[in-house]
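Scroll down for the structure; my scribbles are underneath it.
The values are calculated or read from the model by the stated rules, or taken from the named source; none is laboratory data. Treat the numbers as computed from the prediction; the structure is a model and nothing was measured. Virtual Cβ from ideal backbone geometry, glycine too; neighbours counted across all protein chains shown.
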Amino acid sequence: MKVSPCLCTGLARIRGSPVARVESDGVRLTGVRLTGGTLVALDAQVVAPRLTANAGLLEPLGLKPAEVRMGSHVLGTQVEADRAGATGVPGVWAAGNVADIQAQVITAAAAGLAAGAAINADLAAEDARRAASARQPGSKARREGTEVAADPGGRPRAVAYNPIVSRQA
């Protein structure tokens, strides 16, 4: 155990021995008892929480929480995602506290909204890619009965799939 004063505040910093319990006189804090039995007298106690992403659902997909550090101190963990919530795994988004340990309720809700919009845009872009591909002569989609409606400029605007295709001999 090492008890040393913090040079910036003069407060005691305890390292190397976990605190077993907080001691009081029934009204106020008197100190902490370490696991080795030593009592360290204190007037105040400051504890830094460690915020850990509850990302068990994402780990089978290959997303493991990364440590968030401030200098050498680990603040917690979060899943790495861009501002829209996209992760390194295609088709997987993360939002809220799992992707930002500093996010409080309103920030987490806003991140969910941004991720939802990004998911919608991704799905719309995929639909457009499929529609454009189906429009190409000889495409598999045309052979399977997918019809593409085009606007006056020839750009696809809707896709209709017909599973019953009539074939002429």
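When segment 25-82 is examined, which residues are found to be β-branched (Val, Ile, Thr), surrounded by 10 or more Cβ atoms within 10 Å (Cβ to Cβ) and outside any strand (DSSP E or B)? So that I can check it myself, show each step before the final result.
Start the filter on segment 25-82 by keeping residues that are β-branched (Val, Ile, Thr), which leaves 27, 30, 32, 35, 38, 40, 46-47, 52, 68, 74, 77, 79.
With the extra rule that they be surrounded by 10 or more Cβ atoms within 10 Å (Cβ to Cβ), the set shrinks to 30, 32, 35, 38, 40, 52, 68, 74, 77, 79.
Thr35, Thr38, Thr52, Val79, listed by residue number.
With the structure loaded, tell me whether Thr9 is of a type in the set (S, T, N, Q) and modelled with pLDDT under 90 or whether it fails that test.
Details: of a type in the set (S, T, N, Q): yes; modelled with pLDDT under 90: yes.
So Thr9 passes the test.
May I ask you to list the residues in segment 83-126 that are of a type in the set (D, E, K, R) and assigned to a helix (DSSP H, G or I)?
So the first thing to find is which residues in segment 83-126 are of a type in the set (D, E, K, R), and the list is 83, 100, 122, 126.
Residues satisfying the conditions are Asp122, Glu126.
Yes/no matrix, rows are residues, columns are (1) within 25 Å of Gly62 (Cα to Cα); (2) crowded, with 16+ Cβ neighbours inside 10 Å; (3) touching a residue at least 12 places away in the same chain (Cβ under 8 Å):
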site	(1), (2), (3)
Ala94	yes, yes, yes
Asn97	yes, yes, yes
Gln102	yes, no, no
Val105	no, no, no
Ala111	yes, yes, yes
Ala121	yes, no, no
Glu126	yes, no, no
Arg129	no, no, no
Ala132	no, no, yes
